[in-house]
1. What number of residues in region 125-139 are in contact with a strand residue (DSSP E or B) (Cβ under 7 Å, 6 or more places away or on another chain) and either part of a loop (DSSP other than H, G, I, E, B) or crowded, with 18+ Cβ neighbours inside 10 Å (or both)?
2. Only one of I89, I104 is at pLDDT 95 or above, touching a Leu at 6+ places or on another chain (Cβ under 7 Å) and not small (G, A, S). Can you tell me which?
3. Name every residue in region 160-177 that is surrounded by fewer than 21 Cβ atoms within 10 Å (Cβ to Cβ), within 16 Å of the chain's Cα centre (by Cα) and either more than 15 Å from the ligand (Cβ to nearest atom) or touching a residue at least 60 places away in the same chain (Cβ under 8 Å) (or both), in order of residue number.
4. Counting only residues that are within 14 Å of the ligand (Cβ to nearest atom), of a type in the set (A, V, I, L, M, F, W, C) and in contact with a Gly (Cβ under 9 Å, 6 or more places away or on another chain), how many does region 23-64 have?
5. Residue by residue through region 1-22, note down the ones that are among the charged types (D, E, K, R) and either within 16 Å of the ligand (Cβ to nearest atom) or part of a helix (DSSP H, G or I) (or both).
6. When residues of region 183-205 are filtered for being assigned to a loop (DSSP other than H, G, I, E, B), free of Cβ contacts under 8 Å to residues at least 12 places away in the same chain and small (G, A, S), how many remain?
7. Which one is nearest to T79 (Cα to Cα) among residues in region 107-134 that are away from the ligand (no atom under 15 Å from the Cβ) and among the polar types (S, T, N, Q)?
8. Looking at region 140-159, can you tell me whether even one residue there is out of contact with any Cys (no Cβ under 7 Å at 6 or more places or on another chain), in a loop (DSSP other than H, G, I, E, B), more than 15 Å from the ligand (Cβ to nearest atom) and without any contact (Cβ under 8 Å) to a residue 60 or more places away in the chain?
Amino acid sequence: MLLHTASWPEVEAYLEGSKGIIIPIGSTEQHGPNGLVGTDAICPEIIAHEAGEAGGLLIGPTFNVGVAQHHLGFPGSMTLRPSTMIAAICDWIDSLHRHGFERIYFLNGHGGNIATIQAAFAESYAGWSLDADPCPYRLKLANWWELPGVMEVCRSIFPVADGSHATASEISVTYYAYPAAVKTVTLNPKIAPEGGFADAADYRARFADGRIGSDPSGATAEKGAKIVASARDALVREAQAFFKR
Ligand code: NI
């Protein structure tokens, strides 16, 4: 069930049987010449939506702008400051807890969000600790590509140059989600350079077309379907176990 398309009595009824919800969380940032700007939000969203249907889980709205300051050299990229994102995540948690949710599972699609989501969890728990009240909820962060078995599927499909940004795997997932948005572009170089970066200007200077280490020229919707199926099944198992704890 999607929170967005449920009515409040349906949410109230769901809460009688489960206190758990999954929040897809991602980013709006460039993903190279053939990748969608919404890739990091689309991937956790499609996986969560399919898991919600398969496992009878409630899926909340997608938190779709994250910490992506290093991508701002490319048109369309958006960012939150880490401090803004921490405050927003804490408000999402407080809103859900007010209605009785006690297990909030954040399915993340962007490596650049990890430190900030963890900081938000620490901020949220700190309020309870400082008040000396036991916190009634538990928070979980999982990156979709680290769900059990998913990396093995990605490696079997793309054994070479899946890369670390604008990966062939994640672009395949978005093509599966939005087949009408598939881009046909010649990539040059075929495999993007590897390396680190600091701010947006530094990133653009090092990675001219936005990719890092990847060759997403072989991305297809069919390959994305296999990756999503693997992630969907793993997420159902992981979320059901977390909601029961
Ligand atoms: Ni990405």
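The values are calculated or read from the model by the stated rules, or taken from the named source; none is laboratory data. Not measured: the values here are computed from a predicted model. FYI the Cβ positions are ideal-geometry reconstructions off the backbone, even for glycines, and counts take in every protein chain you see.
1. Here is the first cut: in region 125-139, the ones in contact with a strand residue (DSSP E or B) (Cβ under 7 Å, 6 or more places away or on another chain) are 137-139.
Now drop any that are not either part of a loop (DSSP other than H, G, I, E, B) or crowded, with 18+ Cβ neighbours inside 10 Å (or both), which leaves 137, 139.
Matching residues across region 125-139 total 2.
2. On the way: I89 fails: touching a Leu at 6+ places or on another chain (Cβ under 7 Å).
Going through I89, I104 in turn, just one is at pLDDT 95 or above, touching a Leu at 6+ places or on another chain (Cβ under 7 Å) and not small (G, A, S): I104.
3. To start, the set of residues in region 160-177 that are surrounded by fewer than 21 Cβ atoms within 10 Å (Cβ to Cβ) comprises 160-161, 164.
Imposing the further condition that a residue be within 16 Å of the chain's Cα centre (by Cα) reduces the set to 164.
Correct list: empty.
4. 7
5. Restricting attention to region 1-22, the residues satisfying the condition of being among the charged types (D, E, K, R) are 10, 12, 16, 19.
Selection gives E10, E12, E16.
6. 1
7. T116
8. yes
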